[in-house]
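*Asks:* Right, I'll just put the structure down here and ask away after.
Throughout, read-outs are computed from the coordinates displayed, never taken from laboratory work. Every value quoted in this text rests on a predicted model; they were computed, and no experiment measured them. All Cβ positions, even for glycine, are placed from backbone atoms using ideal geometry, and neighbour counts span all protein chains on display.
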Amino acid sequence: MEKKKIRLNKTQFLILYFFLFSFLGWLLETIFCVFKLGYFTKRGFLFGPICPIYGFGGLILIMVLSKYKKDNLKLFIYSAFIFSAFEYIVSYILEAIFSMHWWDYTGEFLNLNGRIGAFYFLAWGVIAIVFINHIFPFLKKKINILLSKIPYKVQVAILRLLCSIGSIDTIASFIRYKL
């Protein structure tokens, strides 16, 4: 009799994806800034190497917008508008809570209050198409292969560790910026 292998449930996968996308977003931002500025600069709100805005963005893509995978025009348009609105709202909330700006597009073409701009509006649409059609399927396949080699209890322990570290980092960062 073959024993059925226990797998992460949908929520656990989403938590794993959140941390993976948050890290990849931080990495993308860091590399972009190294090329733009010529030196390393700390990116993001948290102490650790993650940018949660990218984690939430990735989840929005796979949970809401992946249904447009076969229609790149709709995926582009919806993503450009949704992520520009998301970026605007997050910028507004962070400024309201912490009286700080984590990004400022004031000098950029067609910016709106320095929170969003035309370049990033277009970039979000392109990134969504590349992410949904290429990056996510590749990552999903590699993650499934990797997880098949790790015992379920270890997978759950890693998720709990990530959640604990993420929570501590969020609280510590909140305290850092509020004090």
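*Asks:* When every alpha-carbon pair in the stretch 19-109 is counted, what percent end up more than 16 Å apart? Numbers along the way, then the final one.
*Replies:* Working: 2588 of 4095 pairs.
That fraction is 63 percent.
*Asks:* Pulled fully out, how much extra length does the chain show between Leu179 and Asn9, if you take 0.36 nm times their separation in residues and subtract their Cα-Cα distance? Don't jump to the answer; show the numbers that get you there.
*Replies:* Working: separation 170, 0.36 × 170 = 61.20 nm, distance 3.87 nm.
Difference between extended and current length: 57.3 nm.
*Asks:* Looking at the stretch 10-172, how many pairs of lysines come closer than 27 Å at the Cα, when each pair is eight or more places apart or spans two chains?
*Replies:* So the count works out to 25.
*Asks:* Quick check: pseudo-label points 7 Å beyond the Cα along Cα→Cβ at Ile168 and Lys74, how many nm apart are they?
*Replies:* 4.5
*Asks:* Please report, in whole Å, how far the alpha carbons of the chain spread along each principal axis, starting with the longest.
*Replies:* 66, 45, 30
*Asks:* Would you mind getting me the FRET efficiency between Met63 and His101? Use the beta-carbon distance for r and R0 = 22 Å, nearest 0.05.
*Replies:* On the way: r = 29 Å, r/R0 = 1.30.
Calculated transfer efficiency: 0.15.
*Asks:* Calculated FRET efficiency, Ala123 and Ala157, Cβ-Cβ r, R0 30 Å, to nearest 0.05? Let's see the in-between values first.
*Replies:* Working: r = 37 Å, r/R0 = 1.22.
It comes to 0.25.
*Asks:* Tally Lys/Arg at +1 and Asp/Glu at -1 over every other residue whose Cβ is under 13 Å from the Cβ of Leu37; what's the total? Working shown, then result.
*Replies:* Values: positive: Lys36, Lys42, Arg43; negative: Glu29.
Here the charged neighbours net out to +2.
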